[in-house]
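Inspection log for the structure reproduced underneath, given as structure tokens.
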Amino acid sequence: MNEKIKCHICNHVTKALDGSLLNCPACGADLVNTTDEIIQKSARCSFKKSRLLQHGTAILTNKRFFWLKDDPAITGGVVGGIIGSAVAAALSESGNRLGFSIPLTEIAAIEDSRMNLRRAITIRNKNGQDYRILIFRRNNWKKLLSSYL
Ligand SMILES: [Zn+2]
């Protein structure tokens, strides 16, 4: 009871109130069959959602490429002190932090783009939706993601 479960993909820690938690609330990973999805590569990555540049992590697994917003319980704790941290922890408990998640089979194009004068990558899925990211070692990621086209 009240056991804590740590996601094997994104490290998000969740209090498991009962045995009914099947997926990570932060990234959606399967918490029952943990051998199914494996991390291939991850990096610090910023994602522009509407007009706001948000900081987080990009994770490539054998199934998908997704972006996870920084955990407010950690970043809020550093910036906001004790009260900020408590509020942030409450937020993150409920916390789906997924900015986007693209199955590898749904990647349609990888293109160079710009974000705030910096070189970015735009990933397009098969529905024509674009996701623009700023990522460290952009060219390596571009090559890697292009291998799924
Ligand atoms: Zn997770």
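The values are calculated or read from the model by the stated rules, or taken from the named source; none is laboratory data. Keep in mind that this is a model prediction, so the values were computed, not measured. Note that each Cβ is placed from the backbone with ideal geometry, even for glycine, and that neighbours are counted across all protein chains shown.
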Q: Select from region 11-21 the residues that are more than 21 Å from residue 60 (Cα to Cα) and among the aliphatic types (A, V, I, L, M) and write down the one among them that is modelled with the highest pLDDT.
A: 21
(Q) Taking the condition of being modelled with pLDDT under 95 and among the hydrophobic types (A, V, I, L, M, F, W, C), how many residues in region 105-144 meet it? (A) 3
Q) Does residue 114 satisfy being touching a residue at least 12 places away in the same chain (Cβ under 8 Å) and not hydrophobic (A, V, I, L, M, F, W, C)? A) no
Q) Would it be correct to say that residue 26 is within 10 Å of the ligand (Cβ to nearest atom) and among the small types (Gly, Ala, Ser)? A) yes
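Evaluate the following for residue 37: is it more than 27 Å from residue 122 (Cα to Cα) and either at pLDDT 80 or above or away from the ligand (no atom under 14 Å from the Cβ) (or both)? Outline the logic, then answer.
On the way: more than 27 Å from residue 122 (Cα to Cα): no; either at pLDDT 80 or above or away from the ligand (no atom under 14 Å from the Cβ) (or both): yes.
Considered against the rule, which asks whether it is more than 27 Å from residue 122 (Cα to Cα) and either at pLDDT 80 or above or away from the ligand (no atom under 14 Å from the Cβ) (or both), residue 37 comes out as no.
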Q: Could you identify the single residue in 48, 4 that is more than 10 Å from the ligand (Cβ to nearest atom), modelled with pLDDT under 90 and surrounded by 15 or more Cβ atoms within 10 Å (Cβ to Cβ)?
A: 48
**Q.** Hits in region 117-145 - residues which are in contact (Cβ under 8 Å) with a residue 24 or more places away in the chain and exposed (fewer than 12 other Cβ atoms within 10 Å of the Cβ)
**A.** 136, 137
**Q.** Boolean, residue 39 is in contact with a strand residue (DSSP E or B) (Cβ under 7 Å, 6 or more places away or on another chain) and touching a residue at least 40 places away in the same chain (Cβ under 8 Å)
**A.** no
